[in-house]
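Undergrad: One structure follows; several queries about it will come next.
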Amino acid sequence: MSRYASAAACLAGGLALMLSAAAAAQKALPPLPQPSGPAPVPAILQNYKPVTADELKKPGDGDWPMYRRTYDGWGYSPLAEITPANVGQLKMAWTLETGQVEGHEAPPIVVNGVMFVATPGNQVLAIDAKSGDLLWRYKRPIPEDMLLLHPTSRGVGVYGDKVYFAAADAVLVALDAKTGKEVWKTKVEDYTHGYYMTLSPLIADGKVMVGCSGGELGIRGFVAAFDAETGKPVWKTYTVPAPGEPGSDTWPKGDQWKTGGGSVWIMGNYDPATNLAYWGTGNGGPWMGDQRPGDNLFTASVLALDVATGAIKGYHQYHPNESWDWDEVSPPILVDYRHNGRVIHGLVDVARDGYLWELARVDGGKIAFVAGEPFVKQNVFTSLDPKTGRPHVDPARKPGTGKKADFCPSLWGGKDWPPVAYSPKTRLLYIPANDNLCGTSIGEKVSYSPGERFVGATTTLYIAPGADHIGELQAWNLDTGKKVWSHPFANSQLWGPVLATGGGLVFMGGTNDRYFRAFDAATGKVLWQFRTGSGVIGVPVAFAFDGKEYIAVQSGWGVDSARMQARLNLVRPYQFPDVPQGGSIWVFALE
Amino acid sequence: MTLAAGLGLVVAPRLVRADEEDAKRERPQPGDLLVKIGGDPAPLAAKDVPQGGPQILAWPFDPAGKTVRDGSRLNKVLLLRLDPAGFDEATKARAVDGVVAYSAICPHAGCEVSRWLAPVQHLECPCHFSQYDPKAGGAVIGGPAPRPLPALPLKTVDGRLAVARPFTARAGFQQS
Ligand code: FES
C-alpha cells in the first residue's frame, strides 16, 4: 500500500468512525441552549431620541435623516471641517461588509449617532456611526418566484422611533429603531403582477409615501401614502388615469391605461410651506408610444401631489408619448434661481431625456415651464415650444413598432437615477452625466402576461464617433444657466450620486475604476481619491459626531451600472472589464 | 426506517396534497401533462409544438387533481420541437418526438426566456441576452447566465406529452 493509499484508507476509516459517532451523538444531543429573553439593546440605541417632524424639516447640521438630507432634494451638508485644503489627508475611519451583491445605491442615513443602511437583498443594517459596530440587522426574504429587475434599495426613512423600509416585494415595513424588529408591515401591491419597490420612503405630514417600480412588467404606476404610526393606507394616486379621470383623454380608448407604466423609482421632494410633494414618473408601458397613441399623462412627468389628500395639484410632462425609455426617474430639486433678471420660485430637473429643465412653482401647485436646454449630446428634440416647453421631436429619431430609430442620449439617458447635488454656497448644480452615448431601438408587438416582461423593444448602445469621454461631472450656475466646469471620464460611464458640502467639496464615485473622489466645488479639480473593493454607486453623505465631520458611502457595483458596462464591453471589447460585485460601507474622516 | 434513523436522517413522508394552493405552486411532477399558457386547455401532444421553433409556453397539469400548476411563475415550461438528429445524448433521452422541455425562467435574474434565434437555433433571454442551446441540455452559450436552463424530461402518455421526471435542476434564480 502506498503512503497515499494508506492515508486514504485511514481517512476513510476515520470518516466512518466519525459518521457513526455523529449518528450516536445525534440521538443523544441535548437541545441547543436557547437565549433567554431578547438581546440586550446597546446603550446608543437605548438613548435613541425619536426623530421629530421639525427635525425632518430642518435637520441638525451633523445629521443626514433622509435620502437627500433635506426635503428640497439638494444633497447638501453644511459641514465645513473637511475643505479643499485638508481633504488630501482624508483617511478611512471604518468599513463594514454588507454580505450582499448587486447595486448598493442607498445613502447611509445618520441620526442620533446611529447609521441606518439599506442594501440589496431586503436588508437594513443599524450601525454605531462613530465606531462602525453593527447594532442590528434586519433581513426579509425575497420570494423565490419574484422577478426583481432592479435588485437595489435607495434607502430607509426615519421618523419618531421607527425606521421605514420599502421592501423589494412591494411591502412597506416599519422597524423599531432600537431593535430592528418589525412594528408593522403593509402590503403596498402584488409582486406577482410585476410591482416592486426600490425607492426610499418620503415621510411628511405624519405619512409614509412610496411608489412602485415595474414599468417593464406592465404595471400601472402610483404614489401611495400610509399612516406613519399604524401603517394604514391613507391615499393612493395613480400616475396613469383611469377612463374619465383627468388626463385620461391622452390615452387611447382601449385597456392600455391598465398596464400604462409611469413607475415611481425615487422618493419625491417636498415643500413644507405648501404641503406639496414633487414626484418624477417613469416611461409608459410597453415602450413603444405607437402602441398607446396620445400624450399619455402622467408618464415622463413631474407631479405635484397634495400630501394631505394625494390630489394632483399640478404637473409638467417633459416629453409626451414616451418611446425611448427615458423615465423621469428623479424628481426636480426645489430651488429659487434667476432667469432673465427675475427670481423664479423654482424647480430644476436634470432629466434622462438629456435636458436641464427650469420650471416654476406657481400658485395652487401648478408647474410652469421656464427654460430647457440639453446638457449632453441630444439629437431627438429639434426645439422646445417657448411657452409650454413641449419638445418638437424629429420623427426619424423616434422608434416605433417595426420602426428602428437611432438616437442620443441612449435609453439610459443623459442622467439616470443618480441624484444631482446643489450647493447654496457656490450656487452650482452638480450633475453626474453620461455624454456621447447613443443607441437604437425597434419596437415589436407584445402581449401582456401578469408579472412578465412587457417591453416590446430591442435596443443597442453605442459610443458616438469621435467621443473623448462618456461620464462627466458637470457644474452649472443656475442663475446664468451656464455650465461652469466639467470633469470628464475618458473610459468610464458615470453612475455616481453626488454630495456637496459647506466645506467647498463635491464627493462622487460612480466610475468603473472603483474610485471614490473629492472635487473642488468651485473648480472641479480632483483633490482626493480612494479605491474601494467594488464600484461606488451609493449616495454619499456627510455627518458629524462629537463635532467631527465624517463622509460615508456604500460601495457595491450592480444593476444599471453593471448592465451598461456589459453593453460597453461589446462596443469596445476589453476596455470595459467586469467590475467585481460585493457591498461594503466606507466611512472617512480627518485624523 | 431503521436505517434512516440510524443515520440520523429525517425522511419527510410524501405529503398528501394539502390543498389546491399548494398543488398549484408545486413544481412539475412525473405524470403531469402540459397545457399551453393562454391557449386551448387540452393537454399538448408533440404535434402541437411548432416544428423548428419558436418555443411555446406551457403549465404543468396534474390530471388526477385536474390542477393547472399556475401558482408560481417558476412552473412555466418552454417546449420546442427540433430535429432530434442534432441532440446530444442527454437531450435525446429527455425528448419525445423531437420535443424538448426546459424551465422558461432564466437562471440569471428570472426573466422569461422568450426569444428564438432560428438561424443559430439558440434560445435567448431578452433581459441580458443570455443564450442557451436547447440541443445540448440547455447549455449556456453566452451572456451572464450562471448555469444551464433546467431541463424537464418528457415521456408520452396516451399520445400526449407528459413529465417523465422533475426538473433536472432547481428552476429559478438566485435572489440577491
Ligand atoms: S435574466 Fe436572463 S439574461 Fe438576465
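All of the numbers you see were taken from the coordinates with simple rules; none came from a lab. Nothing here was measured: the structure is a model prediction, and the numbers come from that model. Here the Cβ is made from the backbone with ideal geometry for all residues, glycine too, and neighbour counts use every protein chain on show.
Undergrad: Would you tally the residues in segment A:311-337 being closer than 16 Å to A:Asn296 by Cα and either crowded, with 24+ Cβ neighbours inside 10 Å or in contact with a Ser or Thr (Cβ under 8 Å, 6 or more places away or on another chain) (or both)? Steps first, answer last, please.
TA: We begin by selecting, within segment A:311-337, every residue closer than 16 Å to A:Asn296 by Cα; these are A:312, A:314-328.
Adding the requirement that they be either crowded, with 24+ Cβ neighbours inside 10 Å or in contact with a Ser or Thr (Cβ under 8 Å, 6 or more places away or on another chain) (or both) leaves A:312, A:315-320, A:322-328.
Residues flagged as closer than 16 Å to A:Asn296 by Cα and either crowded, with 24+ Cβ neighbours inside 10 Å or in contact with a Ser or Thr (Cβ under 8 Å, 6 or more places away or on another chain) (or both) within segment A:311-337 amount to 14.
Undergrad: Let me ask another. Can you tell me which residue in segment B:154-176 is nearest to the other protein chains (Cβ to nearest Cβ), limited to those that are closer than 18 Å to B:Glu89 by Cβ and surrounded by fewer than 21 Cβ atoms within 10 Å (Cβ to Cβ)? Can you show your working first?
TA: Filtering segment B:154-176 down to residues closer than 18 Å to B:Glu89 by Cβ leaves B:154-155, B:164-165, B:168-169.
Retained after the next criterion (residues that are surrounded by fewer than 21 Cβ atoms within 10 Å (Cβ to Cβ)): B:155, B:164-165, B:168-169.
Working: B:Lys155: 26, B:Ala164: 24, B:Arg165: 21, B:Thr168: 18, B:Ala169: 14 Å.
Looking at residues that are closer than 18 Å to B:Glu89 by Cβ and surrounded by fewer than 21 Cβ atoms within 10 Å (Cβ to Cβ), I get B:Ala169.
Undergrad: If you don't mind, there's one more thing I want to ask. Go through segment B:108-126 and give me each residue that's assigned to a strand (DSSP E or B) and either within 12 Å of B:Leu78 (Cα to Cα) or within 9 Å of the ligand (Cβ to nearest atom) (or both). Walk me through it before giving the result.
TA: We begin by selecting, within segment B:108-126, every residue assigned to a strand (DSSP E or B); these are B:112, B:115-117, B:122-124.
Scanning segment B:108-126 gives B:Glu112, B:Arg115, B:Trp116, B:Leu123, B:Glu124.
Undergrad: Something else now. Considering every residue within segment A:410-418, establish whether at least one is outside any loop (DSSP other than H, G, I, E, B) and of a type in the set (Lys, Arg). Reasoning before the result, please.
TA: Kept after step one, since they are outside any loop (DSSP other than H, G, I, E, B), are these residues of segment A:410-418: none.
The answer is no, given that none of the residues of segment A:410-418 is outside any loop (DSSP other than H, G, I, E, B) and of a type in the set (Lys, Arg).
Undergrad: Among B:Phe167, B:Phe129, which is the only one that is within 25 Å of A:Pro450 (Cα to Cα), in a loop (DSSP other than H, G, I, E, B) and within 16 Å of the ligand (Cβ to nearest atom)? Walk me through it before giving the result.
TA: On the way: B:Phe167 fails: within 16 Å of the ligand (Cβ to nearest atom).
Among B:Phe167, B:Phe129, only B:Phe129 is within 25 Å of A:Pro450 (Cα to Cα), in a loop (DSSP other than H, G, I, E, B) and within 16 Å of the ligand (Cβ to nearest atom).
Undergrad: Oh, and also: So is A:Gly132 more than 14 Å from every other protein chain (Cβ to nearest Cβ) and either surrounded by fewer than 18 Cβ atoms within 10 Å (Cβ to Cβ) or out of contact with any Asp or Glu (no Cβ under 8 Å at 6 or more places or on another chain) (or both) or not?
TA: Numbers: more than 14 Å from every other protein chain (Cβ to nearest Cβ): yes; either surrounded by fewer than 18 Cβ atoms within 10 Å (Cβ to Cβ) or out of contact with any Asp or Glu (no Cβ under 8 Å at 6 or more places or on another chain) (or both): yes.
The answer is yes for A:Gly132.
Undergrad: Let me ask you something else. Tell me which residues, restricted to segment B:132-164, are away from the ligand (no atom under 16 Å from the Cβ), assigned to a loop (DSSP other than H, G, I, E, B) and over 19 Å from B:Phe87 (Cα atoms). Give the derivation first.
TA: Within segment B:132-164, the first condition is being away from the ligand (no atom under 16 Å from the Cβ), and the residues that meet it are B:135-137, B:151-164.
Subsequent filtering for residues that are assigned to a loop (DSSP other than H, G, I, E, B) retains B:137, B:152-153, B:158-159, B:164.
Listed by number, the residues that qualify are B:Asp158, B:Gly159.
Undergrad: Just to be sure, is B:Ile105 within 16 Å of the ligand (Cβ to nearest atom) and of a type outside the set (Asp, Glu)?
TA: Working: within 16 Å of the ligand (Cβ to nearest atom): yes; of a type outside the set (Asp, Glu): yes.
Considered against the rule, which asks whether it is within 16 Å of the ligand (Cβ to nearest atom) and of a type outside the set (Asp, Glu), B:Ile105 comes out as yes.
Undergrad: If only one of B:Asp22, B:Asp88 is under 21 Å from B:Ala171 (Cα atoms), surrounded by fewer than 20 Cβ atoms within 10 Å (Cβ to Cβ) and acidic (Asp, Glu), which one is it?
TA: Details: B:Asp88 fails: under 21 Å from B:Ala171 (Cα atoms).
Step by step, each of B:Asp22, B:Asp88 is checked, and only B:Asp22 is under 21 Å from B:Ala171 (Cα atoms), surrounded by fewer than 20 Cβ atoms within 10 Å (Cβ to Cβ) and acidic (Asp, Glu).
Undergrad: Another one. Condition first: among the hydroxyl-bearing types (Ser, Thr, Tyr), more than 30 Å from A:Ile44 (Cα to Cα) and either crowded, with 24+ Cβ neighbours inside 10 Å or in contact with an Asp or Glu (Cβ under 6 Å, 6 or more places away or on another chain) (or both). Can you find one or more residues in segment A:221-238 that meet it? Step through it out loud before you land on a result.
TA: Our first condition is that a residue be among the hydroxyl-bearing types (Ser, Thr, Tyr); within segment A:221-238, this holds for A:230, A:237-238.
Cutting the leftovers down to more than 30 Å from A:Ile44 (Cα to Cα) gives us A:237-238.
Checking the rest, the ones that are also either crowded, with 24+ Cβ neighbours inside 10 Å or in contact with an Asp or Glu (Cβ under 6 Å, 6 or more places away or on another chain) (or both) come to none.
No, segment A:221-238 has no match at all.
Undergrad: Of the conditions (1) over 19 Å from the mean Cα position of the chain (by Cα); (2) under 13 Å from A:Asn296 (Cα atoms), A:Gly206 satisfies every one except a single condition; which number is it?
TA: Failing condition for A:Gly206: (2).
Undergrad: Also, quick follow-up: Restricting the search to segment A:101-122, which residues are in a strand (DSSP E or B) and closer than 13 Å to A:Val559 by Cα?
TA: A:Thr119
Undergrad: Which residues, taken from segment A:449-484, are surrounded by 17 or more Cβ atoms within 10 Å (Cβ to Cβ), farther than 21 Å from A:Asp353 by Cα and more than 10 Å from chain B (Cβ to nearest Cβ)?
TA: Selection gives A:Phe454 alone.
Yes/no matrix, rows are residues, columns are (1) away from chain B (no Cβ under 14 Å); (2) in contact (Cβ under 8 Å) with a residue 60 or more places away in the chain; (3) surrounded by fewer than 17 Cβ atoms within 10 Å (Cβ to Cβ); (4) not β-branched (Val, Ile, Thr):
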| position | (1), (2), (3), (4) |
| --- | --- |
| A:Lys58 | yes, no, yes, yes |
| A:Gly99 | no, yes, yes, yes |
| A:Pro108 | yes, yes, no, yes |
| A:Val124 | yes, no, no, no |
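Undergrad: Residue by residue through segment A:242-294, note down the ones that are in contact with a Gly (Cβ under 8 Å, 6 or more places away or on another chain) and among the aromatic types (Phe, Trp, Tyr).
TA: Of everything in segment A:242-294, those that are in contact with a Gly (Cβ under 8 Å, 6 or more places away or on another chain) and among the aromatic types (Phe, Trp, Tyr) turn out to be A:Trp251, A:Trp265, A:Tyr278, A:Trp279, A:Trp287.
Undergrad: Also: Which residue pairs have Cβ atoms closer than 8 Å, lie 6 or more positions apart in sequence or on different chains, and pair a first residue in segment B:58-83 that is over 22 Å from B:Val96 (Cβ atoms) with a second residue that is small (Gly, Ala, Ser)?
TA: Within 8 Å, the pairs are B:Gly65/B:Ala23; B:Thr67/B:Ala23; B:Gly71/B:Ala23; B:Arg73/A:Gly451; B:Leu74/B:Ser103; B:Leu74/B:Ala171; B:Leu74/B:Gly172.
Undergrad: Within the set of pairs 6+ apart or on separate chains, which have a first residue in segment B:97-125 that is aromatic (Phe, Trp, Tyr), a second that is surrounded by 19 or more Cβ atoms within 10 Å (Cβ to Cβ), and C-beta atoms under 6 Å apart?
TA: B:Tyr102/B:Leu78; B:Tyr102/B:Gly138; B:Tyr102/B:Leu149; B:Tyr102/B:Ala151; B:Trp116/B:Gln55
Undergrad: Something else about it: When segment A:148-169 is examined, which residues are found to be assigned to a loop (DSSP other than H, G, I, E, B), buried (at least 24 other Cβ atoms within 10 Å of the Cβ) and more than 14 Å from chain B (Cβ to nearest Cβ)?
TA: A:Arg154, A:Gly155, A:Val156, listed by residue number.
Undergrad: Still on this model: Can you find a residue in segment A:561-583 that is away from chain B (no Cβ under 14 Å) and assigned to a strand (DSSP E or B)?
TA: no
Undergrad: Sticking with this structure for a sec: If we scan segment B:81-102, do we find a residue that is of a type outside the set (A, V, I, L, M, F, W, C) and within 16 Å of the ligand (Cβ to nearest atom)?
TA: If we filter segment B:81-102 for residues that are of a type outside the set (A, V, I, L, M, F, W, C), which is where we start, we get B:81, B:83-84, B:86, B:88-89, B:91-92, B:94, B:97-98, B:102.
When the remaining residues are screened for being within 16 Å of the ligand (Cβ to nearest atom), the result is B:102.
Yes, segment B:81-102 has at least one match.
Undergrad: Please go through segment A:540-558 and pick out each residue that is of a type in the set (Gly, Ala, Ser) and either farther than 13 Å from A:Leu590 by Cβ or within 19 Å of the chain's Cα centre (by Cα) (or both). I'd like the intermediate steps shown before the answer.
TA: First, pick out the residues of segment A:540-558 that are of a type in the set (Gly, Ala, Ser): A:542, A:544, A:547, A:552, A:555-556, A:558.
A:Ala542, A:Ala552, A:Ser555, A:Gly556, A:Gly558, listed by residue number.
Undergrad: If you don't mind, there's one more thing I want to ask. How do the pairs read when you match residues in segment A:475-489 that are under 17 Å from A:Val343 (Cα atoms) with residues anywhere that are in a loop (DSSP other than H, G, I, E, B), using Cβ under 7 Å and keeping only pairs 6 or more apart or on different chains?
TA: Short answer, once both residue conditions are applied: A:Asn477/A:Arg427; A:Leu478/A:Arg427; A:Asp479/A:Arg427.
Undergrad: Moving to a separate point now. Which of the residues that make up segment A:198-241 are in contact with a helix residue (DSSP H, G or I) (Cβ under 8 Å, 6 or more places away or on another chain) and closer than 18 Å to A:Gly314 by Cα?
TA: Scanning segment A:198-241 gives A:Val240, A:Pro241.
Undergrad: Say whether the condition of being within 14 Å of chain A (Cβ to nearest Cβ), within 17 Å of the chain's Cα centre (by Cα), closer than 17 Å to B:Phe167 by Cα and aliphatic (A, V, I, L, M) is met by at least one residue in segment B:96-111.
TA: Yes: one or more hits.
Undergrad: For A:Leu56, all conditions in the list (1) assigned to a loop (DSSP other than H, G, I, E, B); (2) under 25 Å from the mean Cα position of the chain (by Cα) hold save one; what is the number of the exception?
TA: Against the list (1) assigned to a loop (DSSP other than H, G, I, E, B); (2) under 25 Å from the mean Cα position of the chain (by Cα), A:Leu56 comes up short only on (1).
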